Structures are given as structure tokens and as C-alpha cells.
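Take a look at the structure below.
The values are calculated or read from the model by the stated rules, or taken from the named source; none is laboratory data. Note that the coordinates shown come from a computational prediction; the quantities given were computed from them, not determined experimentally. Glycine gets a Cβ as well: all are built from the backbone with ideal geometry, and neighbour counts include every protein chain shown. Surface accessibility is based on the protein's heavy atoms, side chains included, excluding ligands, DNA and RNA. Shrake-Rupley method; radii C 1.70, N 1.55, O 1.52, S 1.80 Å.
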Amino acid sequence: MRAYHSGSVAVQERVGVRQLADHVGRSVTDGIRPVAAAFLEAQPMLVLGAPDRHGRIWAHLLTGRPGFARAAGPHTLSVAAALPDGTADDAPVGTIVLDPRTRRRMRLNGTARRSARGFTVEADQVFSNCPKYLQQRELYGFAGTPAPEAGAARHGTVLSPGQQRLVRTADTFFVASVAPDGVDASHRGGNPGFVTLVSPTELSWPDYPGNAMFLTLGNLEADGRAGLLFLDWTTGTTLQLTGLAHTEYGPEGRVVRFRLDHAVETPAASPLRWSPPAYSPANPPVPEDRP
């Protein structure tokens, strides 16, 4: 099974980590091992990256009681939730399951199909990532009766002042990107301020050293479509952004720049309520002059 496509290989060669990437890539399988199945069944949230009917890429937050996402076989993920509107049967999708309590995460990419329970994903790639840049949070619990404004999505093409604050203060977001043969969903983390708001339609973030796979940057090398998901961990509000992204390489490192096409803010979209974070010791300091 091939772990990388030409875009990821090009970035690995440019950065000089091709040999390390080959070593790390051996951990990618198409099966859900017992330890991964146990991890899945204990989680209350999952992020799904998928294209809509217009070809735009979105990152969606799905939640449920532990067990809502579970292995239904050695190659099948079953999710007790509806596929997001606009996601077709047999669509390529990427998923990331992240547990802030234990700072563990796993990714599963494949093909989604609706099912009696919700939907399934037939896995093409399954692998875990290290805990770098993951903030630790405790789960306070599930919110009670939804607020009247819950689920009332607000659409726009420019970030509002409140949305700008959410982006500026984020310590975590998720990014969905497109591979020639599928979709991937990943995580980015850092100290608050690591995401720079360049304008109400443009933002950027540093690409910190990671596992040398360069799946996201490799995807952006071949196809700039991307979907971002920001989460207010205390209120459950989600902010989904879709647009185009590219990577700039400079003497001080790599920076990803994202230009907004469309934004969707959903108040109280998630019933999960989390504690304030304990920041990862791996987070680099944020420059004081960053806007």
C-alpha cells in the first residue's frame, strides 16, 4: 500500500526528510487494529474532511456518546451520525479522532457510504500520530437542552469581529485537504496567537516540525483546496472555513497561507464542554509582534 503521493514526496525531498518519511510511512495500514478499535470506541468526537457537491472541501465536527464511532470490521469505521449535507455516497473522506484528555489521535481515510446507523468509511489508510502540539483538556460533560440559537448556522464570505477573535485566540484547529486519491483530515496546534489573521479573508500559520510525512503540505502542493475547523471548546460553537491554501518556504521556516471563500459559524454545534487547556510543552513561543 502506498503511503505517499508525488506531492508529499516532493515536500519531503525539499525539506530533506525523505528517508525518515519512508520509515514513518511503514506505520500506515489499511486495517483497524484492536488497540485502534478500543481507542475509537472511547471517543465522543470525530472530525470529518469531505468535499461538498460544488467540490469545496470542509472539515466537520461530529459528536456522540462514546461508541458512536466504532470499528465494524477490520477495515470499516461505523459512525452513528448523518453524513454532512452535500456529501455524496462513495465520497472520499478523511477522518481524525483526537482525544484531548490523553493527547492521542488517529487518522482514518477512505470512502464514505450511508448506512442504517449513519455512515461507514471503508479504510484505505489508518495510522496514529504523536502527541506533539496537542493541548490537554478534561471533558466536563455533555450540555443539556440545546440553547435556542443552537444549530442556527451563520454564513458569510468575510470573518466577523467575533470570528476573528476565535481565530486569533485558537490553540487548536483542524484542516482537511485533498489528495489525488482521497481526502485527509489533520490537526494543527500551538500557543494562542500561532494563527495570524492577515485580513478578514486571509490567515496564516507556521508549519511546525512534525512526523516528516507532510501529508497536508503534500496535498496542498497538488491541490490548494482546504477546509478549516475552529472550535470554541467552552461553548461548542464551530467555525468552518473553506478556501484555498498554499505553502511558502523561507529562511525562518514554512508558512501556510489560506484565503477564505466561505465561512459557516454554528453556535453550540457541539454538546461537548471542555476544560481550559494545559498547553503542550512542544508548542513554540509565539512572537510578541504577531498581529
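Before moving on, here are some points about what is shown:
- Accessible surface ranking that places the most exposed of 181, 85 first, with a 1.4 angstrom probe: 85, 181
- Kirkwood Rh (inverse of mean 1/r, distinct Cα pairs), the range 137-291, angstrom: 16.4
- Between 51, 276, 251, the residue with the greatest mean-square fluctuation in the GNM of the chain (Cα pairs under 10 Å linked by springs) is 251.
- Dipole moment magnitude, nearest 20 debye, the chain about Cα centre, only Lys, Arg, Asp, Glu C-beta charged: 560
- Ligands, DNA and RNA are left out, and with a 1.4 angstrom probe the accessible area of the range 175-291 is 38 Å² per residue.
- Efficiency of FRET between residue 41 and residue 252 - r from beta-carbon atoms, R0 45 angstrom, step 0.05: 0.60
- Gained length - residue 22 relative to residue 140, 0.36 nm times residue gap less alpha-carbon distance: 38.5 nm
- Across 57, 32, 96, mean-square fluctuation computed from a Gaussian network of the chain (C-alpha pairs under 10 Å connected) peaks at 32.
- Residue-span extension gain [residue 154 to residue 282] - 0.36 nm each, minus C-alpha spacing: 42.6 nm
- Helical runs assigned H by DSSP (4 residues or longer) give the chain a calculated mean residue ellipticity at 222 nm of -4000 deg cm²/dmol, each run adding -39500 (n - 2.57) before division by the residue total.
- Spatial separation of Cα centroids for the range 242-266 and the range 17-88, in angstrom: 23
- Among 211, 219, 109: highest mean-square fluctuation, GNM of the chain, C-alpha pairs under 10 Å: 211
- Once the Cα gyration tensor of the range 224-291 is diagonalised, semi-axes √(5λ) in Å: 26, 21, 9
- Taking all protein chains as shown and a probe of 1.4 angstrom, residue 205 keeps an accessible surface of around 10 Å².
- The three principal axes of the Cα atoms in the chain give end-to-end lengths of 50, 46, 38 Å, sorted in falling order.
- Computed on protein heavy atoms with a 1.4 Å probe, the accessible areas place 101, 188, 259, 53 in the order 53, 259, 101, 188, largest first.
- Simple label model, 7 Å out from Cα along Cβ direction - residue 165 to residue 191, nm: 2.2
- Scaled against the 2.2 N^0.38 Å expected of a compact globular protein of N residues, the Cα radius of gyration of the range 10-63 reads 1.62.
- Taking only the C-alpha atoms of the range 134-223, Rg followed by Dmax gives 16.0, 45 Å.
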